[in-house]
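Take a look at the structure set out below.
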Amino acid sequence: MEIPGSVPPGHQGAPRPPMPYEGVWRFTAPALDSSVPRARHAVRDLLAGQRVPVDEELLQNLLLIVSELVTNAVRHAALLSPEIAVVVSIGRDWLRVAVEDNHPYRPTALTADQGQTGGRGLLLVQSIAEEAGGTYDVDSLGNGGKAVWAALPLPAPAPP
């Protein structure tokens, strides 16, 4: 997966022209349960509208990640963050989705516990990202909040 802003090997420092779908989009929503399907639909519509080359498996994995991250923000950060943001960043060969809130707590992925019925959403996000060859992390924001994100590789674009 190419790191945003890096030059791929063999390109002698010459940047590649951007793909038509590259960019960054930000959606805000109230920290309510109803925002989970709204965020999922907004991301799906964005990818379709930008014609991002995602197959069905990648799309479903990404939408599951969005659902888990928004659900976590709604359940655990709403008291300090009545509004959340979903930020979708798309590069030539990667796609990153982040959910930002104003709560300072940095969540961690819990280990699997057969007797536990919840609390493993971040473990699922981490597993999906790693199995796809991507990554997951939590970043602190300048306002004291955080961004929980996952980045997944996109398939190589078809040659012109």
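Does the range 133-148 hold any residues that are part of a strand (DSSP E or B) and of a type outside the set (S, T, N, Q), and which are they?
Passing the criteria: Tyr136, Asp137, Val138, Asp139, Lys146, Ala147, Val148.
Before we move on, is Leu59 at pLDDT 95 or above, open to solvent by 40 Å² or more (accessible area, probe 1.4 Å) and in a helix (DSSP H, G or I)?
On the way: at pLDDT 95 or above: yes; open to solvent by 40 Å² or more (accessible area, probe 1.4 Å): no; in a helix (DSSP H, G or I): yes.
It is false that Leu59 is at pLDDT 95 or above, open to solvent by 40 Å² or more (accessible area, probe 1.4 Å) and in a helix (DSSP H, G or I).
Would you mind stating whether Leu124 is more than 24 Å from Arg16 (Cβ to Cβ), modelled with pLDDT under 95 and not β-branched (Val, Ile, Thr)?
yes
Among the residues of the range 62-94, write down those that are open to solvent by 50 Å² or more (accessible area, probe 1.4 Å) and of a type in the set (A, V, I, L, M, F, W, C).
Passing the criteria: Leu64, Leu79, Leu80.
On the basis of being under 11 Å from Val88 (Cβ atoms), among the β-branched types (Val, Ile, Thr), in a helix (DSSP H, G or I) and in contact with a Leu (Cβ under 7 Å, 6 or more places away or on another chain), does Val66 make the cut?
Working: under 11 Å from Val88 (Cβ atoms): yes; among the β-branched types (Val, Ile, Thr): yes; in a helix (DSSP H, G or I): yes; in contact with a Leu (Cβ under 7 Å, 6 or more places away or on another chain): no.
No, not satisfied.
So which residues in the range 4-32 are modelled with pLDDT under 65 and over 16 Å from the mean Cα position of the chain (by Cα), if there are any at all?
Filtering the range 4-32 for residues modelled with pLDDT under 65 gives 4-14.
If the condition is that a residue be modelled with pLDDT under 65 and over 16 Å from the mean Cα position of the chain (by Cα), then Gly5, Ser6, Val7, Pro8, Pro9, Gly10, His11, Gln12, Gly13, Ala14 are the ones that fit.
Could you list all residues from the range 14-35 that are out of contact with any helix residue (DSSP H, G or I) (no Cβ under 8 Å at 6 or more places or on another chain) and either loosely packed, with under 14 Cβ neighbours inside 10 Å or within 16 Å of Ala85 (Cβ to Cβ) (or both)?
Selection gives Ala14, Pro15, Arg16, Pro17, Pro18, Val24, Arg26, Thr28, Pro30, Ser34.
Which residue pairs have Cβ atoms closer than 7 Å, lie 6 or more positions apart in sequence or on different chains, and pair a first residue in the range 68-86 that is under 16 Å from Asp137 (Cα atoms) with a second residue that is open to solvent by 50 Å² or more (accessible area, probe 1.4 Å) and part of a helix (DSSP H, G or I)?
Glu68/Leu124
Can you tell me which residue in the range 135-160 is least open to solvent (accessible area, probe 1.4 Å), limited to those that are modelled with pLDDT of 80 or more and over 27 Å from Glu83 (Cβ atoms)?
Leu154
Quick check, is Arg44 over 23 Å from Pro155 (Cα atoms), surrounded by fewer than 20 Cβ atoms within 10 Å (Cβ to Cβ), among the basic types (Lys, Arg) and out of contact with any Gly (no Cβ under 8 Å at 6 or more places or on another chain)?
Answer is no for this residue.
The values are calculated or read from the model by the stated rules, or taken from the named source; none is laboratory data. Here the structure is a predicted model, which is why all the values come from computation and not from measurement. Using ideal geometry, Cβ is built from the backbone for each residue, glycine included, and neighbour counts are taken over all protein chains shown. For accessibility, only protein heavy atoms count, side chains too; no ligands or nucleic acids. Shrake-Rupley method; radii C 1.70, N 1.55, O 1.52, S 1.80 Å.
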